[in-house]
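Presented below is the structure to which this report refers.
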Amino acid sequence: MKNLLIICILLLILSCGSNNSIINKTNENSLITGATATKYANTITTNELKILLYQFASTEFEGRETGEIGQKKAAEYLKNYYIRHNIASPFGGSDYFQSIPTEHLKPNLNPSENVIAFIEGKENPEEIIIISAHYDHLGMHNGEIYYGADDDGSGNVAILEISEAFQEAVLAGNRPKRSILFLHVTGEEKGLLGSKYYTNFPIFPLENTVANLNIDMIGRVDKVHTNNPNFIYLIGSDKLSTELHKLSEDINAQFTKLDLDYTYNKEDDPNRFYYRSDHYNFAKNNIPIIFYFNGTHNDYHKITDTPDKINYEILAKRAKLVFYTTWEIANRENRIEVDK
């Protein structure tokens, strides 16, 4: 009887140890994002996004065609925003440009530049999360400006607001564990040229790049979702990292509660959007990505893609999804893993 009692006690101890192991494993993968992140996410507002986009998609920037004067003015605008908000350059000082010579663009293009800002992590600064959007567009033709408010003005102003939210967190003593690179790429409309240059000549080693969250058109509602604007298309989140995909879904379920539409993520998608924006140059290098997209609309690549057509409430909500997702990736204990 005594031996039986001892055996029962041992089994109970082993069982508790096993349960603790399961609990610990669960805790390792649970979300750490919470009230602190929400405080800074709420600094991303419809009003600020609107002010920024009416400036960024204005006549002053002449459609931001790669290598042309309007694109150069847009680059200066982005740079000056980061300087005003004391968000550093990865190069140091006031140099926020990664210059790209013509030979790395196309023969008929003038030299151009990616615009890059940086918030250094406090615990794993060598691990980098890149948030990207292309800031070029189609320029001017026959005296008419292609404003590109949604494509991709919406992505750029979202990055500016996200960067400011992170900077406010830093100033309040909540610096992220990992580093965040804010990457505005040129030459996307000419063939993903700016992101290609970055991945060929990275500022930080690609093997240290944890993930790329790429934003390309998030300010409109397509015809499919006319009656339900509370959506975003996600593309590529499950291609390289199951962990990233689950993290993305969990973050949305807890905070932004958008309808995540994976229509364009299908392998047989005839639009092949997975291959058509800047995230693809990171994915080719085995870096997990998420592409945020609102679908095409009647003003896509037309002079009528103007700031007055943007749904600023849904733009803010989508920008917050990217912010929360970045916060989680940047602050969780372990770097997200690439599937083997």
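From Asp268, Asp238, grab the single residue that is closer than 15 Å to Thr325 by Cβ and of a type in the set (Asp, Glu).
None of the others qualify; the one that does is Asp238.
Looking at region 84-93, which of its residues are open to solvent by 70 Å² or more (accessible area, probe 1.4 Å) and either assigned to a strand (DSSP E or B) or of a type outside the set (Lys, Arg) (or both)?
Asn86, Phe91
Which residue pairs have Cβ atoms under 6 Å apart, sit 6 or more places apart or on different chains, and have a first residue in region 64-75 that is in a helix (DSSP H, G or I) and a second that is open to solvent by 10 Å² or more (accessible area, probe 1.4 Å) and modelled with pLDDT of 95 or more?
Gly70/Glu62; Gln71/Glu65; Ala75/Glu113
Quick check on Ser99: is it of a type in the set (Ser, Thr, Tyr) and either crowded, with 24+ Cβ neighbours inside 10 Å or touching a helix residue (DSSP H, G or I) at 6+ places or on another chain (Cβ under 8 Å) (or both)?
no
Any idea which residue in region 206-237 is most open to solvent (accessible area, probe 1.4 Å), counting only those that are in contact with an Asp or Glu (Cβ under 9 Å, 6 or more places away or on another chain) and over 24 Å from Thr306 (Cβ atoms)?
Asn208
With the structure loaded, tell me whether Glu76 is open to solvent by 40 Å² or more (accessible area, probe 1.4 Å) and over 20 Å from Ile51 (Cα atoms) or whether it fails that test.
So Glu76 fails the test.
Looking at Gly143, Gly139, Gly155 in this structure, which one is open to solvent by 10 Å² or more (accessible area, probe 1.4 Å) and out of contact with any Leu (no Cβ under 9 Å at 6 or more places or on another chain)?
Unique residue meeting the criteria: Gly143.
Report yes if some residue within region 198-213 is outside any helix (DSSP H, G or I), among the aromatic types (Phe, Trp, Tyr) and over 27 Å from Pro270 (Cα atoms); otherwise report no.
Yes, there is a match, as at least one residue in region 198-213 is outside any helix (DSSP H, G or I), among the aromatic types (Phe, Trp, Tyr) and over 27 Å from Pro270 (Cα atoms).
The values are calculated or read from the model by the stated rules, or taken from the named source; none is laboratory data. The shown structure was predicted, so the numbers you read here are calculated from the model rather than taken from an experiment. Backbone-built Cβ (ideal geometry, glycine too); neighbour counts: all protein chains shown. Calculation scope for accessible area: heavy atoms of the full protein, side chains included, ligands and nucleic acids excluded. Shrake-Rupley method; radii C 1.70, N 1.55, O 1.52, S 1.80 Å.
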